[in-house]
1. Hey, fewest Cβ within 10 Å first, where do A:40, B:450, B:239 land in order?
2. Using alpha carbon coordinates only, what is the Rg to Rh ratio of the stretch A:1-91, with Rh defined as the Kirkwood radius?
3. Quick one: grab Rg to one decimal and Dmax as a whole number for the stretch A:55-111, Cα atoms only, in Å.
4. Set the Förster radius R0 to 30 Å, insert the Cβ-Cβ distance between residue B:509 and residue B:788 as r into 1/(1 + (r/R0)^6), and round the FRET efficiency to 0.05.
5. Distance from the Cα centre of the stretch B:82-123 to that of the stretch B:399-435, in angstrom?
6. Across the residues of A:14-20, average count of Cβ atoms on other protein chains within 10 Å?
7. Using a 10 Å cut-off on Cβ to Cβ distances, tally the other chain neighbours for every residue of B:303-313 and report the average as a whole number.
8. Once both labels are modelled 7 Å past Cα along the beta-carbon direction, what's the residue B:75-residue A:200 spacing in nm?
């Protein structure tokens, strides 16, 4: 598990930080890496895999906010260990700097080096816990103004549309003191669900899956203990049954196929009352990841109809029905459908009164695109029409984000913070969001 | 820091050119160095930052070394850290300058602030200046005894750094012993983890030339130590847990209770959010249960869910790593679901994939069941694909014929239109005619419709099947065979015509000869030409949770020997030494570095001398005097009388003809004449390598080894001696219980025609797997017989 070097490169290939831990890899590894990544195969579209080997040196990289986080080693190490480590390093640095980008890196490179020295010693990982690192790291981060940056992390999706959430919260450094004086006591618990659904041509659900994460970011001072209560009817594991016969099990309760937990989580009372207790370390981390294939109600039903209208012409009707409560608003919705290669023209008809909608035919990749800024049940358009294509099109795919809504029905019933005093009442943010991972309707 | 030379090649116009700025910095630093004024630390911080930022972008700031060191006399820890960073970067390039720093670093090592003690010690050990190692001993020694765990953690890694600067200094100071005691007694988990990491690295590197180090390395895998770590695994952070799990993978459990104990201890690690921990645990589970087929299968079931969760919860890069592993494990159930898919191509592909797994795998039982279920689905294309698979499966695992035949017999040939599937069905009808009551009649039916059969492949199979059926059930088949031969001879397709004619003539000549030719006793095919070598697959499986899985290559194919990691399996095969056997009266078996890189792949000339000197005491070393050997070989080759006493060419070689359809039917070798081998054969190891690379595997078989043989195998040299007495010479060997690997060669007595054999003996299953490659492939069966006979006598009085 020895890392030789760690470095961060900008999109242009500039060194932002570079640390050599074992002096085993010849000079020029950053250039070698960058050349390889940039010109992976002649095909410009082929992306380099996260792990490759050049002249006996293994290069691992993850891309975070457009920066390359790279580790090299000559040893046959566990690939997931190194990739996980790179991801963690990025998270630790983000915890410290508040925001992660080239600018914040350059302003804080001494701090970053300080962190790197404590994270890895002679190639061996020492710790990646922001909590632990706090006692070894002394540089104060120079925080850059969050207004100048693009939201990059999953939590940034909360900032779209929903006014009730403080948009800057996710970009605060966990260690820096607020210039205005005392830091705000608050904690964020985000339930993020990515859903994958495949509809058959007749509209039946062929496969459906939810990949969920309960993400936590704590700005509470003094690390108080926290209890999170989940649904009492939560079940884990499907027993001996195959994952494919779940359609027969329309019983009540939330049934997760599987889940895993962060190190800090104690499951002492999880079996009895479905509560997780933990002393959250500083920084952002997943409390729990879960996976569910239990039947759920997809937020959108997609129905596509193709009718041939003449020999070289066809009419496509795409109907989308929203199936979530009326007080919920979905945003940044796009619907895509590949059309046959020989499609020459497409014309659109949107339902009357369709404001904030756009439809387009992308000539280069023969892609039909229909986008909606936002939609709720009332405002949701039912269909639009395309003509002039023949068959061999599809499938229709959708992307969307639905804040304050999750399909699994997994809930944080309460979030209890061990009280330090009667007046101690930190802000608690429990936020839900559903995103399309792969939302496909066959034709 | 980026190497200055590298980055200065690309000066960006916005960057300062360097010279004047550095001079500026130098004078400013000088001014501050002696100052005790308030606020001076802040100004120093700014200057230090500037220096370091220059250093980062590649400007050479080594000229301010002296000033930096002077300025670092401060209690400001941020300043200290920056200074250490700077010093660490330039010390190696400027040994003279680093002498300057030794003094202040040594002083800081005694600071009352543990943070400064630790940081100074880390910097001191990171200087990497060989002639300064003596200055490290004192601070390291006290660092290991420091009452602060942060300092101890750093000191432990410092010992490893010292080892890499000067191994002898480190060993002579007996630091490893101190680490060992810290590992067992320290209260801080990170100190313990670093001790483990350092000791693993040190002992692995020492093991090549020190018996004691070998023992120490082994002792890391002792039962008490493994349990010591596993019992308290939760005290360690996730990265140290991975280290411990990697160690546990190498542990050889004493019995099944041992295995279950460990699995119970680690069960909850599968629920860890860190994919590295989960994969390391999976590897432990898979390795532990290798010998227990049922439990092993349960493990597969158990790990499926956690791995799938990891795939979906991590970043795309992490998913990539996990998916590469899933690719290796292949979730079979998942694939089977696709067989019922409406998309025909997907269905076909998934059936093919299932079949591929069946041909390579482990749990054939379950797969056969699934395949038979496919047949019952009664969809044309599913049936078609499956039939082809069942045929291949039967060729490899004839023991399943009864289960398969009952199902296959129920399939109406009318429903099968695809030539490949039809051919497969016909092949099975011929092959298993005695078990399928309808076989002659189905064949008769097919033959009657000869004219309508458009595929030459099917017609060829029909001819052969009719022949086979005839040998088994002559009265019922005679008529249709006649029709088939007549139709075949009249066939416009050249191959069909030729085969029919040949069958006809050989039948005329002698029915028994014909039977021997067309329907020899079946021999299981152990490897199909198109599947990836199962050896490589196994190797990759052994290296689960490593880059081997990502690259789909065993580690020796992409890693230098010294970088394979302390406990790599491929190394382990060679970790117990089988000392070169010396027998005086014959040419000694030449042993050499036989890791597979040399044997199979690399044509690069390895530095032989280096191999000799640095690998003393390691596995495969042996004298390697190629010039000497080759001259001996020449001599031998010439001296061999060119008598044609024993040729082993079997009288007829129908390979080609039958190869059209039934290529796997081995060339018949009716009681092969005993092959005479040259007792004084010699082969240059290099020539062996080359041949091993070039020749195809002509035979691959599995033999049982008798218990006496297994018992005698405790001294692997005895097998080498034994085989030599049968004129089969060992060229390389290695391994340890239960897996031993030997490379043998033999030579025909009469002519310089070589047989190369790889022989893997598993002493727990008492099986020997051999792969034979031969110059004269027609005699490899004869050679295998000799080999088997010799092997069967091993251990017998």
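1. So the ranking, lowest neighbour count to highest, is A:40, B:450, B:239.
2. With Rg and the Kirkwood Rh in hand, the quotient comes to 0.92.
3. My reading of the Cα-based Rg and Dmax gives 12.6, 37 Å.
4. E(calc), rounded to 0.05, equals 0.40.
5. 79
6. Per residue, the average neighbour count from other chains is 5.
7. Average neighbour count from other chains, rounded to a whole number: 6.
8. With each label point 7 Å from Cα toward Cβ, the separation is 7.8 nm.
Here, each number is a calculation from the coordinates, and none is a lab measurement. Just so it is clear, the structure is predicted and the values come from calculations on it, not from any experiment. Every residue, glycine as well, gets a Cβ built from its backbone with ideal geometry; the counts of neighbours run over all protein chains shown.
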